[in-house]
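Only one structure is covered here, and it is reproduced in the block below.
The values are calculated or read from the model by the stated rules, or taken from the named source; none is laboratory data. Not measured: the values here are computed from a predicted model. Cβ coordinates were reconstructed from backbone atoms using ideal geometry, including for glycine residues, and neighbour counts include every protein chain displayed. Ligands, DNA and RNA are excluded from the accessible area calculation, which covers all protein heavy atoms including side chains. Shrake-Rupley method; radii C 1.70, N 1.55, O 1.52, S 1.80 Å.
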Amino acid sequence: MKYVLVTGGVVSGLGKGVTASSIGVVLKACGLRITSIKIDPYLNTDAGTMSPFEHGEVFVLDDGGEVDLDLGNYERFLDIKLTRDNNITTGKIYQSVINKEREGEYLGKTVQVVPHITNAIQDWIERVAMVPVDGQEGPADVCVIELGGTIGDIESMPFIEALGQFSYRVGAGNFCLVHVSLVPVLNVVGEQKTKPTQHSVRGLRGLGLTPNMLACRSTKELEENVKEKLSQFCHVPAANIFTLYDVSNIWHIPLLLRDQKAHNAILKVLNLESVAQEPKLDEWVARATLYDTLQDEVRIAMVGKYTGLSDSYLSVLKALLHASVSCHKKLVVDWVASTDLEDSTASEAPDAYKAAWTLLKGADGVLVPGGFGDRGVKGKMMAAKYARENNVPYLGICLGMQLAVVEFARHVMKFPDADSTEFNPNTKTPCVIFMPEGSKTHMGGTMRLGSRRTFFKVTDCKSAKLYGDVNYVDERHRHRYEVNPDMVPAFENAGLQFVGKDETGQRMEVCIITEPRILLVLHHAS
């Protein structure tokens, strides 16, 4: 097994995840099989209980793992299906070591960060790297590891120590370190500054890791004298220094790496030159080029409560982007804070209220994603009502579906008290109820999570046709509440048809409005 480690320096948010994914894409295009691991140094066991405002989207895997959003990048870029073990956290490592200590596996030894924690990290990497994730048998050729955070963070120190040991454990020719760093341009001077990267590399070396190559983030391509300066002071060959400058879309990143021969540098370090081929990225070139030429706009109103951070809905955005490019449309997402649609905002902040409704009414389609808690729920329901009454295509995901069902019950079926028990436990018309298998005392990992099969009960409905006239579809779920199965007959008599259900027929997965015509498509999946 060969390993490529991607670290980051200077500042966070440089795009290590996209860089790691792009490295995987280029190596895969060379004919190699790739797997990925993301290391997150936080103490949480997983990302499931984190606020989207603080951490961005919680990405759900087939096996129900709630993980970092970068694993979504890996899956989309590399066409692989990862497991919860492909996301390592401090919490998981310490928990596993403490469990072993309680079971007496350390034979009375004093349990310490070195060697017990560091060994646990290395063992975890080696074990998970051998698990195939591309549908083929046997282990992959290369495992791309991304270390989250920034070099120098105190919480990542055990991982850096472990990875330093790991580089010697696997031996020369099996480990390649790519350091992603910032090369800023000061507007006053107008020149690219190398000092932040120099300090970052010096810190990395001081911690026992030596970079084989630098991936420099900058607004423009690195100048040759800058590259030479970095090579001299960072002790990295100029041929191993690449620029990841700002591009029009992220599909260009693998092409940047290919054009700068990054694959050759990595293959040389890993002794894979003899088994690899020249990368074939024709599909990537076509998609990146097509995106840049799109002119015909499609406007989608994204009505949510985490609209201040686009990473909160990253998978939904990526799905919209892929769909729009496939339809040769230029995607324009209008972010609508659901609270701004509510009547209270009309009196407290009339300008925000007017702006939100203007965006909603100007959209070609309305999307209400999932969420937790009662803030902004009224606004989301108003968006569903507007779409239903004005024949605007509507997609509700998870909570977006539940609220559309509640809205239908209130305004079409004339049940003014209709609600979800999540927001009103004492409602007389519980349209959405708590799942029996859920937990009301423990938040982490207790929802309906992971890939579940949805069977289309009406095979000629628009939802089934959108999936390609299939009888069933597997989608990933993340929710605690469900449509009340006892109310389904009444809903269907009123024109809200549940065309997709689980294998038991008790979980309502997909519903559409059938009269006077199909106005609403909803999918109860994350």
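I'm trying to understand the selection: among the residues of the stretch 287-302, which are under 11 Å from Val333 (Cβ atoms) and open to solvent by less than 20 Å² (accessible area, probe 1.4 Å)? Result: Ala301, Met302. Does the stretch 49-81 hold any residues that are assigned to a loop (DSSP other than H, G, I, E, B), more than 21 Å from Ala29 (Cβ to Cβ) and either touching a strand residue (DSSP E or B) at 6+ places or on another chain (Cβ under 7 Å) or open to solvent by less than 20 Å² (accessible area, probe 1.4 Å) (or both), and which are they? Within the stretch 49-81, Gly56, Glu57, Val58, Leu61, Asp62, Asp63, Gly64, Gly65, Asp68, Leu69 meet the criteria.
Put simply, of Tyr306, Tyr313 the only residue that is open to solvent by 20 Å² or more (accessible area, probe 1.4 Å) and within 16 Å of Leu367 (Cα to Cα) is Tyr306. With respect to the conditions (1) in a strand (DSSP E or B); (2) open to solvent by 10 Å² or more (accessible area, probe 1.4 Å), Pro425 lacks only one, and its number is (1). Against the list (1) open to solvent by less than 40 Å² (accessible area, probe 1.4 Å); (2) in a loop (DSSP other than H, G, I, E, B); (3) in contact with an Asp or Glu (Cβ under 9 Å, 6 or more places away or on another chain); (4) within 19 Å of Leu43 (Cβ to Cβ), the condition Thr150 fails is (3).
Filtering the stretch 345-372 to residues that are open to solvent by 70 Å² or more (accessible area, probe 1.4 Å) and in a loop (DSSP other than H, G, I, E, B) leaves Asp364, Phe372. Trp335 meets each of the listed conditions (1) aromatic (Phe, Trp, Tyr); (2) in contact (Cβ under 8 Å) with a residue 24 or more places away in the chain; (3) in contact with a helix residue (DSSP H, G or I) (Cβ under 6 Å, 6 or more places away or on another chain) apart from (3). Only residues that are part of a loop (DSSP other than H, G, I, E, B) and of a type outside the set (A, V, I, L, M, F, W, C) were counted across the stretch 113-140, and they come to 7.
When restricted to residues that are touching a Phe, Trp or Tyr at 6+ places or on another chain (Cβ under 9 Å) and open to solvent by 10 Å² or more (accessible area, probe 1.4 Å), the stretch 170-193 contains 3.
A quick yes/no check of all residues on (1) under 27 Å from the mean Cα position of the chain (by Cα); (2) not in a strand (DSSP E or B); (3) not basic (Lys, Arg):
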site	(1), (2), (3)
Asp474	yes, no, yes
His477	yes, no, yes
Asp486	no, yes, yes
Pro489	no, yes, yes
Glu492	no, yes, yes
Gln497	no, no, yes
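Take the conditions assigned to a loop (DSSP other than H, G, I, E, B), more than 29 Å from Val183 (Cα to Cα) and at pLDDT below 95 and apply them to Leu32. Does it pass? Don't jump to the end; show me each part of the working.
Details: assigned to a loop (DSSP other than H, G, I, E, B): yes; more than 29 Å from Val183 (Cα to Cα): yes; at pLDDT below 95: no.
In short, no.
Counting the residues of the stretch 220-269 that are open to solvent by less than 40 Å² (accessible area, probe 1.4 Å), under 16 Å from Gln192 (Cβ atoms) and either part of a helix (DSSP H, G or I) or not hydrophobic (A, V, I, L, M, F, W, C) (or both) gives 6.
Taking each residue of the stretch 390-410 that is in the same structural domain as Asp374 (by the TED database) and within 18 Å of Arg375 (Cα to Cα) and looking for partners that are assigned to a helix (DSSP H, G or I) and open to solvent by 30 Å² or more (accessible area, probe 1.4 Å) with beta-carbon atoms closer than 6 Å, six or more apart or interchain, yields Glu407/Lys385.
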